[in-house]
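Notes follow the structure.
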Amino acid sequence: MEDCLAKKMEITVSEAEKRTGRNAMNMQETYTAYLIETRAVESQSEGQCAPVESLWRRYSEFELLRNYLSVTYPHIVVPPLPEKRADFVWHKLSADNMDPDFVERRRIGLENFLLRVASHPVLCQDKIFYSFLTQEGGWKEMVNETGFQLKADSRLKALNATFRVKNPDKRFTELKHYSDELQSVISHLLRVRARVADRLYGVYKVHGNYGRVFSEWSAIEKEMGDGLQSAGHHMDVYAASIDDILEEEEHYADQLKEYLFYAEALRAVCRKHELMQYDLEMAAQDLTSKKQQCEELATGTVRTFSLKGMTSKLFGQETPEQREAKVKVLEEQIQEGEEQLKSKNLEGRDFVKSAWADIERFKEQKNHDLKEALISYAVMQISMCKKGIQVWTNAKECFSKM
């Protein structure tokens, strides 16, 4: 961790800007660009600061970077991006992806993504990631030149592997189930939180009605007017505070959403392992088949029914020379198959070792982050309740002085 990029470079997404341009179809579009600022830490000497370098990136470029990392490092739980459009929102909150509050939260999420990658012991050393932070022009071409799209596994192939693997690794099967349950639980928690936010908004706005009624009442009461006016003021202030409170709550919701999206990153690692296991089993099956064919040709006996065996009975046996030539070809294929199987076994063991090390790192990070977020959320709720009690305590004092 001492060599990670986050220790050598300060990285911030400091600004978001709404822009208008033309897309690949030459149609006008409105999008948001984000200003990435970096500053080298090592080059800072006493009394001097290194210059800040900056460049603009669109959300689609962040997506391209993450896709590249996911394909290039299939054994790593790659940090997720913040949501492209708001989800799990309470009804008063805008779901528009151009809404300033949503853009600001996404800016924070994109900065968090870069810091996650820069802190990762493997991802932080990637040259493409470094270029993303420091090279504005020609970056996309550099990514495409890696040919990472050709390495990407199709969804159909991944689905096929899921259902046809005969000996799945129990650890990865359990991890897949865990990621599904994690996503389900956090989704439910976010839905509950959105419903609670709706109700809370209503409760706070009712206090605004109290404030209006007390103010109107104070206008017709001479002796009690000041007390009613003061109580109404406390109610109005309390009612107006709900917008800032729920906006702050959204930041805690975004922290939970990060792990909602991390669940898919976990499943991606599991799917890759299933694909490797499926390829390994197919290679072993093909090798066994070729060995059986070689044995049958060498001995002249057919142990299982086959179209070739039936054809031989109908049209006569092959000559010894023909059989010898076929045996030679099969022996070469068997030797090649054994080498491929050995290579796939080694690749699989390396993948499991690397993937499990990263999964353990992820679990430690997850436990720390979720614990911290939930405690902060609880502290915020306690603080809100205390403010509510204080408002009614102040109102009580106003009423007592009347």
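The values are calculated or read from the model by the stated rules, or taken from the named source; none is laboratory data. All figures in this text were calculated on a predicted structure; none of them were measured in a lab. Backbone-built Cβ (ideal geometry, glycine too); neighbour counts: all protein chains shown. Areas reflect the complete protein model, heavy atoms only, side chains present, ligands, DNA and RNA absent. Shrake-Rupley method; radii C 1.70, N 1.55, O 1.52, S 1.80 Å.
Per residue, how many Å² of accessible area does the chain show with a 1.4 Å probe?
60
Going by average Cβ neighbours within 10 Å, how do the peptides 230-236, 210-216 rank, with the highest at the top?
230-236, 210-216
With no solvent and one point on each alpha carbon, what is the Debye value of log10 I(q)/I(0) for the chain at q = 0.11, 0.13 Å⁻¹?
-0.98, -1.17
How about the stretch 221-301: which GluC sites (Glu not before Pro) there are in a DSSP loop, with at most 10 other Cβ atoms within 10 Å of their Cβ?
Glu223
Among all the lysines, which ones have a C-alpha under 17 Å from Lys371's C-alpha, if same-chain residues fewer than 8 places away are not counted?
Lys257, Lys363
Using Cα pairs under 8 angstrom and six or more residues apart, how large is the relative contact order of the stretch 194-275, in percent?
28
For Gln333 and Glu174, what does the FRET efficiency come to when R0 = 30 Å and r is the distance between their Cβ atoms, rounded to the nearest 0.05?
The formula returns an efficiency of 0.20 here.
Considering only protein heavy atoms and a 1.4 Å probe, what is the carbon-and-sulfur percentage of the accessible area of the stretch 149-276?
Within the stretch 149-276, the accessible surface is 57 percent carbon and sulfur.
Taking 60 Å as R0, compute the FRET efficiency from the Cβ-Cβ separation of Asp226 and His368 and round it to 0.05.
Taking R0 as 60 Å, the efficiency between Asp226 and His368 is 0.70.
Roughly how compact is the stretch 121-265, stated as its Cα Rg over 2.2 N^0.38 Å to two decimals?
My calculation over the Cα atoms of the stretch 121-265 gives 1.90.
Give, in nm to one decimal, the length gained when the segment between Gln149 and Glu347 is fully stretched (0.36 nm per residue of separation minus the Cα-Cα distance).
Extending this stretch completely gives an extra 69.2 nm.
Using the Cα centre of the chain as the reference point, and only Cβ charges (+1 on K/R, -1 on D/E), how large is the resulting charge dipole? Debye, rounded to the nearest 20.
Here the chain has a charge dipole of around 1280 debye.
Per 0.36 nm of contour for each residue apart, how much would the distance between Lys140 and Asp87 grow if the chain were fully extended, relative to their Cα-Cα spacing?
That pair, Lys140 and Asp87, stretches by 16.2 nm at full extension.
Compute the FRET efficiency between Tyr130 and Ser289 as 1/(1 + (r/R0)^6), taking r as their Cβ-Cβ distance and R0 = 45 Å, and round to the nearest 0.05.
0.45
What full-extension length gain, to one decimal in nm, is calculated for Thr162 and Asp101 as 0.36 nm per residue of separation minus the Cα-Cα distance?
Length gained between Thr162 and Asp101: 17.9 nm.
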